[in-house]
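Take a look at the structure below.
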Amino acid sequence: MKIKTKLNLGVGLLFVLIIILSLLSTFHIYSIKRDTQNILKANYETLEYSRNMLLALDRIHDNKSKSIVVFEANLEKQLANITEIGEDKATYKLRDDFNQLRLHSVTDSLKYEIHQTIFQIMKLNMDAIKLKSDLAKRTSESANTWIIVIGTLCFLIAFNLLINLPNNIANPIKELTASIKEIANKNYSERVHFLDHNEYGDLARSFNTMAEKLQEYHSSNLYKLSFEKKRLETLINKMHDPIIGLDSQEIVVFVNDAALKIVGLKKEAVLGQSVATLAIQNDLIRSLIKNDASSQKILPIKIFADGKESYFEKELVNITITPTGEEQTIFIGEVIILRNITVFKELDFAKTNFIATVSHELKTPISSIKLSLLLLEKEATGAINDEQKQLIESIKEDSQRLLKITGELLDISQLETGNIHLNIEKSDPYQIVNYAIEAVKVQAEQKQISIQVDAEPNLPFVKADSEKTGWVLINFLTNAITYSSTQSQIIVKLQMEHDKVSFKVVDFGKGIDSRYKNKVFDKYFQIPGSNKSGTGLGLAISKEFIEAQNGTIEVESELGFGSTFSISMVTHSI
């Protein structure tokens with residue numbers, strides 16, 4: 001017999017007996033209550049009315065009118081409460097005698113007759129009380145008997161279940177537990193032997209089949225594959241860089257200790273969970289899954305780890321496979337790798353501070369050189385010949401170039417340390433363009449280069465730092481003049497594009513090779529083969545200035561056809 005059937009029969013029979021016991025108890029309790037209420041309502045009230053009538057009859061000589069009223073009231077109640085056999089006849093006789101008493105004078109014989117009638121009514125009700133009391137007693141005894149019988153049956157069934165059921169359930173479980181321990185210890189020859197025709201028998205057969213499969217698996221190539229999987233998991237876990245693996249549904253399939261350490265979660269709370277669900281309660285995971293496609297540059301992630309601020313660079317590796325027999329690759333997941341660049345960041349900070357210090361220290365002697373040159377050029381200092389003039393001019397150009405270099409180095413160091421301050425305000429784009437053109441006017445005239453302005457009318461104000469934005473345009477114009485031929489032309493365009501004001505500097509020089517267009521805004525980058533001197537920081541500083549103002553900077557160029565450098569600034573809302 002199935003264990004479930006045994007439990008259903010035993011517990012079901014016990015349940016039925018309990019219901020019968022409850023119904024039987026309720027029925028007998030109701031019967032006793034009913035008999036008791038009948039005694040109280042039908043007989044006790046009649047005795048109360050009879051006693052009141054006897055008292056009123058005894059006081060009739062003292063106050064006839066009041067006694068008659070009391071007697072009549074109790075008689076009316078008794079007429080409405082006739083419940084026993086023969087009680088109606090006695091009650092009606094009492095009513096007739098009372099009518100005679102009320103209409104005629106009170107005589108002793110009439111009072112005696114009324115007394116006897118009342119006593120007869122009382123005797124009928126007292127006899128009824130005794131009969132009903134005996135009936136309630138018999139009902140109570142019957143209830144006790146049935147409750148004892150049914151209760152005894154319930155006790156015997158419950159006692160039988162208490163003795164036999166735990167052993168029937170626990171003994172096979174103990175044997176199964178011992179066998180599972182043997183399997184865990186790689187003793188795959190272990191078998192269980194309780195093969196009865198019940199659930200435990202089915203469990204035993206399933207367990208034995210599982211043990212046979214495990215024994216077969218242990219000796220197969222799958223065991224080797226599992227071993228290799230464990231090896232890979234160990235290697236990933238031992239890597240110092242945090243690694244999080246996701247499947248195609250963005251469910252976390254593996255994570256190493258380094259990643260758990262920085263996110264501050266336990267392994268069991270991460271594995272098998274959706275990364276979107278984890279991101280709700282973990283700010284770091286939310287920043288890791290954030291799409292960086294729209295951002296202009298990927299910044300290092302700063303995390304407080306190992307008791308200090310550490311810097312990590314996120315790398316997202318998409319995993320694709322080509323299924324056997326197919327040609328099209330499918331996406332099966334991705335791996336988030338955080339490379340610890342703290343050491344490099346610290347070196348970069350040290351480099352930036354060093355450059356800032358050196359640049360600041362160089363500005364003083366360079367300024368002194370320029371001051372000395374001014375003194376040398378004065379006639380009061382003394383006469384100089386042509387060769388000395390050429391040397392002075394050469395020194396002036398070199399000092400000017402050094403001053404420009406140190407200025408750019410200071411700017412880039414301030415940008416990298418975040419110490420640059422922007423005064424973003426409502427700015428007139430026409431004034432910015434005019435300021436930049438005036439700054440390079442002399443340099444353009446020296447090469448006989450004309451600068452043309454093509455500006456749309458009624459352009460709105462922009463939200464920008466006019467000084468820094470003008471510096472960027474000056475840098476664009478300086479580069480355009482440097483790389484343009486003599487007697488050429490440069491066009492400055494000012495127009496609306498996609499709700500932004502666009503500043504464009506168009507030259508017709510030799511242009512930029514497509515291989516280098518994406519690198520021109522990198523720090524210290526100079527186009528190979530260029531014979532122009534410089535630090536390679538001007539465009540990098542320009543990019544930082546514009547992006548810090550929520551603007552965009554771009555370049556369009558084709559080798560042999562010139563270049564177009566442009567910036568787009570957000571309009572100032574009124």
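The values are calculated or read from the model by the stated rules, or taken from the named source; none is laboratory data. These numbers come from a predicted model, not from an experiment. Quick reminder, even Gly has a Cβ in these numbers, built from the backbone with ideal geometry, and neighbours come from all protein chains shown. Ligands, DNA and RNA are stripped out before the accessible areas are found, and what is left, the full protein with its side chains, is counted by its heavy atoms. Shrake-Rupley method; radii C 1.70, N 1.55, O 1.52, S 1.80 Å.
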Residue order for ASP428, ASP398, ASP283 - accessible surface, 1.4 angstrom probe, largest first: ASP283, ASP398, ASP428
So if R0 is 45 Å, what FRET efficiency would ASN550 and THR320 give, r being the distance between their Cβ atoms, rounded to the nearest 0.05? 0.80
Amide H to amide H under 5 Å from THR552: which residues, 5+ apart in sequence or cross-chain, H placed 1.01 Å off N in plane? SER568
Per residue, how much accessible area does segment 137-282 show when a 1.4 Å probe rolls over the protein heavy atoms, in square angstrom? 67 Å²
Show me 384-395, 543-554 ranked by packing, highest mean number of other Cβ atoms within 10 Å first. 543-554, 384-395
Whole-percent carbon and sulfur contribution to the accessible surface of segment 95-146 (1.4 Å, no ligands, DNA or RNA) stands at 56 percent
Please give the length that would be gained between TYR30 and LYS137 if that part of the chain were fully extended, namely 0.36 nm times their separation in residues minus their C-alpha to C-alpha distance (nm, one decimal). 37.2 nm
Once you've got the Cα coordinates, tell me which of LYS186/LYS267; LYS238/LYS267; LYS64/LYS123; LYS93/LYS123; LYS378/LYS447 are over 20 Å apart. LYS186/LYS267; LYS64/LYS123; LYS378/LYS447
